[in-house]
Amino acid sequence: MLQILLIAFRNLLAHRRRTLLLGGAIAGVTALLIILMGVTNGMRATMLESATTLMSGHVNVGGFYKVTSGQSAAVVVNYPKLVELIRQEVPELDYVSQRGRGWAKIVSDTGSMQVGVGGIDVENEQGFRKVLQIRQGKLDDLREPGTILIFEEQAKKLEVRVGDALTLSAPTLRGTNNTLDVRVVAIAANVGMMSSFNTFVPSKSLQDLYQLKADTTGAIFLYLKDMQAIPAVQQRLREKLAAAHYTLMDNDPRAFWMKFDSVNREGWTGQKLDITNWEDEISFVQWVVKGLGFLTGFLTFVLLVIIAVGIMNTLWIAIRERTREVGTLRAIGMQRRRVLVMFLTEALMLSLSATLTGAALATAFCLGINSQRVRAPEVVQVMLLTENWFLKIEPSSVTFAVVLITVCAMVVSLIPSFLAARMKPVTAMHHIG
């Protein structure tokens, strides 16, 4: 076996130009595949972090309350009692927060826009400070009633700064419009499409806007110590809450605001709880990650076809150039199987060294981009859900790329290697050209 390795290695060195060209192509394809997977993984990680801060917990206990059968509101009444039950039944819980949910018209002196309004208690939002980058003002000032946090994109459209006044207008459960004057105390950096329709006010202010009682909220966000426990926690909550005589909605993996039409068509009144997870609540933006994953798969297929053709042609040329050498080796006793192994070894050495080089270059590139905090174009920021490029390199992704391309290179090498092994010694030795 050592002899075969030595022959394969010397042949690769003897044809340096061909080896470098094909090896460079394989390394480039490997690097591109890893970078694309880094973008996809980064988007998913950013989406998880942003979504579980701005719009959802890992698991959510929300619901709808209907005063009449045709009019619903996304609220949960008597939520402190519900929180107490959740703490007893979910030992996997890290922390819990309640979040008001609303949709209102926000008006400035120069413009207006429709936005989602979240009612929060800043001191209980542990993940908020990790995700939001405050450009102007202070997040702690959101503890004061009659204040609001908006994002840069919204501040630009409304032409406001910290300290300026805004007015929120929204319909109450009784069907009448109510308004609330608020003061901008913080402007946060954009976080993609999620910052275009989200604003935050103190919980008390949202309750005043909708004229709700103090024990009423929009949803209870559960943050778990281990996200792998999400399905089990969801199922257990459904069972325990049903046993505690709460009425539950059927499982519907959509964001809460997409359920209003179906809920309003149902002929019931009172409270129904809805248990969802973070993927349900951001299902409307999951197409971004799925689309990029499909694009990555398509480009991987195209690149693998190109590499396969290149490897096969290169081996055909190598075999043609070395026909007499193969004949000589066969004449002095080398078996067909060893000839086959020799050519496959060359393909393995070339593809493995090239893929490892490509993986190292891609990893260094991604780490460099992350460390420099390169700002993405505004159009791309919408999909990335962050203002800077974030390429997440996972060992499993790197291993997958290296193994996939190496195995594909070995597979396409089988045909020319097999034909080389079947050459008759006499015919091969008399070959000219």
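The values are calculated or read from the model by the stated rules, or taken from the named source; none is laboratory data. Remember, it's a predicted structure, so these values are computed and weren't measured experimentally. FYI the Cβ positions are ideal-geometry reconstructions off the backbone, even for glycines, and counts take in every protein chain you see. For accessibility, only protein heavy atoms count, side chains too; no ligands or nucleic acids. Shrake-Rupley method; radii C 1.70, N 1.55, O 1.52, S 1.80 Å.
Gaussian network model of the chain, Cα springs within a sub-10 Å range: biggest mean-square fluctuation belongs to which of 377, 80, 253?
377
In the chain, what % of DSSP beta bridges are antiparallel (nearest 5)?
Looking only at bridges with both residues in the chain, the antiparallel portion is about 80 percent.
Looking only at 143, 337, 373, which one moves most when the chain is put into a Gaussian network model with springs between Cα atoms under 10 Å?
337
If I take every Cα pair under 8 Å that is 6 or more residues apart in the chain, average their sequence separation and divide by the length, what percent do I get for the relative contact order?
27
Hey, any idea what % of the chain's accessible area is carbon plus sulfur with a 1.4 Å probe?
60
Rounded to the nearest 0.05, what FRET efficiency is calculated for residue 67 and residue 20 with R0 set to 56 Å and r the Cβ-Cβ distance?
Here the calculated transfer efficiency is 0.15.
Once you have the Cα-Cα distance between residue 268 and residue 250, take 0.36 nm times their residue separation minus that, and quote the gain in nm to one decimal.
Using 0.36 nm per residue and subtracting the Cα-Cα distance, I get 5.1 nm.
What share of the DSSP beta bridges in the stretch 58-281 is antiparallel, in percent to the nearest 5?
Around 80 percent of the beta bridges assigned by DSSP in the stretch 58-281 are antiparallel ones.
Need the C-alpha centroid separation for the stretch 172-248 versus the stretch 69-84, integer Å.
Spelled out, the Cα-based centre of one part sits 10 Å from the other.
Can you compute the charge dipole magnitude of the stretch 58-281 about its Cα centre, using +1 on each Lys and Arg Cβ and -1 on each Asp and Glu Cβ, nothing else charged? Give it in debye, rounded to the nearest 20.
The calculated dipole for the stretch 58-281 is roughly 260 debye.
So how do 176, 53 rank on accessible area, 1.4 Å probe, biggest first, that is with the largest at the start?
176, 53
Choose one answer from 358, 218, 368: the residue with the largest mean-square fluctuation in a GNM of the chain with alpha-carbon springs under 10 Å.
368
Run the simple label-point estimate for residue 388 and residue 110 please: 7 Å along Cα→C-beta, distance reported in nm.
2.9
Run the numbers for residue 364 and residue 400: contour at 0.36 nm per residue of separation, minus the present Cα-Cα distance, in nm.
The residue 364-residue 400 span can extend by a further 11.2 nm.
Please identify every one of the GluC sites (Glu not before Pro) in the stretch 99-202 that sits in a loop by DSSP and has no more than 14 other beta carbons within 10 Å of its own beta carbon.
159
Set Lys and Arg Cβ to +1 and Asp and Glu Cβ to -1, take the dipole of the stretch 39-153 about its Cα centre, and tell me which of 148, 127, 117 lies farthest positive.
117
Set the Förster radius R0 to 45 Å, insert the Cβ-Cβ distance between residue 236 and residue 335 as r into 1/(1 + (r/R0)^6), and round the FRET efficiency to 0.05.
Efficiency computed from Cβ-Cβ geometry: 0.10.
For labels at residue 89 and residue 169 in the simple 7 Å Cα→Cβ model, what's the distance in nm?
Computed distance between label sites residue 89 and residue 169 equals 4.2 nm.
Figure the gain on full extension for residue 294 and residue 372 (residue separation times 0.36 nm, minus the Cα-Cα span) and round it to one decimal in nm.
Full extension of this stretch gives 25.3 nm more.
7 Å from Cα along Cα→Cβ at both residue 133 and residue 103: what's the point-to-point distance in nm?
Here the answer is 3.1 nm between the modelled labels.
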